[in-house]
Every structure is written in C-alpha cells, then in structure tokens.
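These notes concern the structure reproduced below.
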Amino acid sequence: LNNNLSQYKLTLSGTLRSPKINFHPPFLMLMPVPLGVESEAVVTIIPQEFIRQSRIRVKLPELELADGTRTCPFSVQFPEGQDIVLSSDGTANELICRISFRSSKPMSFLGDMLFIDQEEN
C-alpha cells in the first residue's frame with residue numbers, strides 16, 4: 001500500500017451450512033377410512049440452517065390403481081403459508097402442513113412426499 005511492495009497474506013475460513021428441514025412427527029400414518037371419506041393429519045416442518053427466505057413446495061406421489069388408472073389421492077395445505085421466514089436472530093419460523101387423503105377406490109400406499117425449497121434442496 002502507498003507504493004510499498006510488501007506482500008500481505010489474508011487467510012479466510014468459513015463453514016458451509018446446508019439448509020435442511022425436519023418433520024414432527026418424522027413419519028405419517030393416516031388412519032384407514034371408508035371410501036370417499038377424508039383422512040387428515042398435521043405435520044410441523046422445522047427449517048434449519050436457512051440463510052435466506054425460501055418457499056416450500058411439495059411433490060405428491062401419483063398412484064397407479066389395479067385398473068391402470070393413475071390418481072393422486074393426497075392434498076397438502078399450508079394454513080399459515082409456505083414461506084420460510086428468518087427472524088432477526090437468524091432462526092426460521094416453523095410451518096404447519098395439513099396432509100389429507102381421500103379415495104373413491106380401495107388402496108393403500110407406502111411412499112414418499114417430497115418437500116422442496118426454491119433452490120431444489
């Protein structure tokens with residue numbers, strides 16, 4: 001600096017934080033119900049390590065019935081919104097997710113629902 005040709009070494013270090021979400025309860029089992037009746041459960045989504053606001057979306061499974069038709073008997077609602085918002089202390093709000101199932105044909109299902117943020121995590 002100031003035409004001084006001395007060399008300066010600058011060392012930087014950091015920690016990579018990967019955003020993730022946890023669920024309470026960690027898995028969901030909906031009760032069997034008569035045909036055409038809705039079965040519903042509430043799940044709390046707990047965001048961790050998010051550094052900016054993000055929006056959660058859900059990929060629901062499409063099921064193939066015995067007759068070959070495809071259906072998605074699930075629906076998902078976020079009654080308080082689906083945006084992960086950071087507070088001033090860096091923590092993120094929890095999200096409430098209402099998952100329902102209704103089918104006019106007999107079926108059972110064991111599988112995954114995929115919860116994704118804006119950056120495809």
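The values are calculated or read from the model by the stated rules, or taken from the named source; none is laboratory data. All of these numbers come straight from a predicted model, not from anything done at the bench. Please note: Cβ atoms are built from the backbone with ideal geometry, for glycine as well, and neighbour counts cover all protein chains shown. Areas reflect the complete protein model, heavy atoms only, side chains present, ligands, DNA and RNA absent. Shrake-Rupley method; radii C 1.70, N 1.55, O 1.52, S 1.80 Å.
Tell me the residue from VAL42, VAL58 that is touching a Lys or Arg at 6+ places or on another chain (Cβ under 6 Å), assigned to a strand (DSSP E or B) and either under 30 Å from SER103 (Cβ atoms) or not small (Gly, Ala, Ser) (or both), please.
Working: VAL58 fails: touching a Lys or Arg at 6+ places or on another chain (Cβ under 6 Å).
Checking each option against the conditions leaves just VAL42.
May I ask you to list the residues in the range 61-78 that are over 20 Å from the mean Cα position of the chain (by Cα) and not hydroxyl-bearing (Ser, Thr, Tyr)? Explain how you work it out, then say what you get.
Initially, the range 61-78 is screened for residues over 20 Å from the mean Cα position of the chain (by Cα), giving 63-71.
Within the range 61-78, LEU63, GLU64, LEU65, ALA66, ASP67, GLY68, ARG70 meet the criteria.
Do the conditions hold for PHE78, that is, is it open to solvent by less than 100 Å² (accessible area, probe 1.4 Å) and either in contact with a Ser or Thr (Cβ under 7 Å, 6 or more places away or on another chain) or among the acidic types (Asp, Glu) (or both)?
On the way: open to solvent by less than 100 Å² (accessible area, probe 1.4 Å): yes; either in contact with a Ser or Thr (Cβ under 7 Å, 6 or more places away or on another chain) or among the acidic types (Asp, Glu) (or both): no.
Criteria not met by PHE78.
Test LEU60 against the criterion of being open to solvent by 80 Å² or more (accessible area, probe 1.4 Å), at pLDDT 90 or above and under 20 Å from SER108 (Cβ atoms), and give yes or no.
Here the answer is no, as LEU60 does not meet what is asked.
Which condition breaks for SER100 when tested against (1) in contact with an Asp or Glu (Cβ under 8 Å, 6 or more places away or on another chain); (2) polar (S, T, N, Q); (3) open to solvent by 50 Å² or more (accessible area, probe 1.4 Å)?
(3)
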